[in-house]
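S.K.: Can you read through this structure? Questions will come right after.
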Amino acid sequence: MADTTRDVVTELLRRIGEGDPERIAELYADDADWKLDWPEDEHGRAETPWIRHRTTRADAAAHYRELAEHHLPEAVGTEIERILVDGPDAVVTGEIRQTARATHRPYRARFALHLTVENGLITRHHVYEDSLAVARAFAPKGD
């Protein structure tokens, strides 16, 4: 029996909470449409290297590794408010709470995550978040 969209999304959120990038990446298709709603000229900056488009399962693992490397693990929290499912598509809404490792500035960012699940694997991962809150937390002092 094929995994349902809700099952895969719930498992993804569980694995993200556990923090093992390789196990998280197992839920992604070999080729996935991964986009972040950030200005293109801000992608891949030294302060926020995880913010860029991705296309492979290996990219997914790299995203979660880079995200962890740039945040203080003891100051992480996510509140999931809703998981809405319509066939192969799901939208997860909530708020992340993180602290930038480089600046020790905490931030809160509202987000919506649009996922598509096909054959038990995630083929679309589009994130819409409060990029200004993230950018401010990582901005060098005085910016």
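S.K.: May I ask for log10 I(q)/I(0) of segment 71-143 at q = 0.14, 0.16, 0.17, 0.26 Å⁻¹, from a Debye sum over the Cα atoms as equal point scatterers with solvent left out?
M.R.: Log10 of I(q)/I(0), two decimals: -0.53, -0.65, -0.70, -1.09.
S.K.: Under 8 Å for C-alpha pairs, at least 6 residues apart: give me the relative contact order for segment 64-132, rounded to a whole percent.
M.R.: Numbers: 127 pairs, mean separation 16.9, N = 69.
For segment 64-132, the relative contact order is 25 percent.
S.K.: Moving on to the next point. Using a 1.4 Å probe on the protein heavy atoms only, what accessible surface does VAL85 show? Give it in Å² to the nearest 10.
M.R.: Taking all protein chains as shown, VAL85 has close to 60 Å².
S.K.: At 1.4 Å probe size, with the rest of the protein present, what percent of the exposed accessible area of segment 1-75 is carbon and sulfur atoms?
M.R.: Values: 2080 of 4070 Å².
It is 51 percent, rounded to a whole number.
S.K.: I'm a student and want to see the number: the projected area of the Cα convex hull of the chain, averaged over all directions, in nm².
M.R.: Values: hull surface 32.3 nm².
Computed as one quarter of the Cα hull surface, the answer is 8.1 nm².
S.K.: Compute the accessible area per residue over segment 1-139, keeping the other protein chains in place, probe 1.4 Å, unit Å². Walk me through the numbers before you get to the answer.
M.R.: On the way: 7360 Å² over 139 residues.
With the other protein chains kept in place, segment 1-139 gives 53 Å² per residue.
S.K.: Can I ask one more? Quote to one decimal, in nm, the extra length available between THR55 and GLU26 on full extension: 0.36 nm per residue of separation minus the C-alpha distance between them. Show your work: numbers first, answer last.
M.R.: Numbers: separation 29, 0.36 × 29 = 10.44 nm, distance 1.39 nm.
Extra length available between THR55 and GLU26 comes to 9.1 nm.
S.K.: From the helices alone, meaning DSSP H stretches of at least four residues, give me the mean residue ellipticity at 222 nm for the chain, per-run term -39500 (n - 2.57), in deg cm²/dmol to the nearest 500.
M.R.: Working: 4 runs with 40 residues, N = 143.
One gets -8000 deg cm²/dmol as the mean residue ellipticity at 222 nm.
The values are calculated or read from the model by the stated rules, or taken from the named source; none is laboratory data. Just so we're clear, the structure is a prediction, and the values are computed from it rather than from any experiment. With ligands, DNA and RNA removed, areas are computed over all heavy atoms of the protein, side chains included. Shrake-Rupley method; radii C 1.70, N 1.55, O 1.52, S 1.80 Å.
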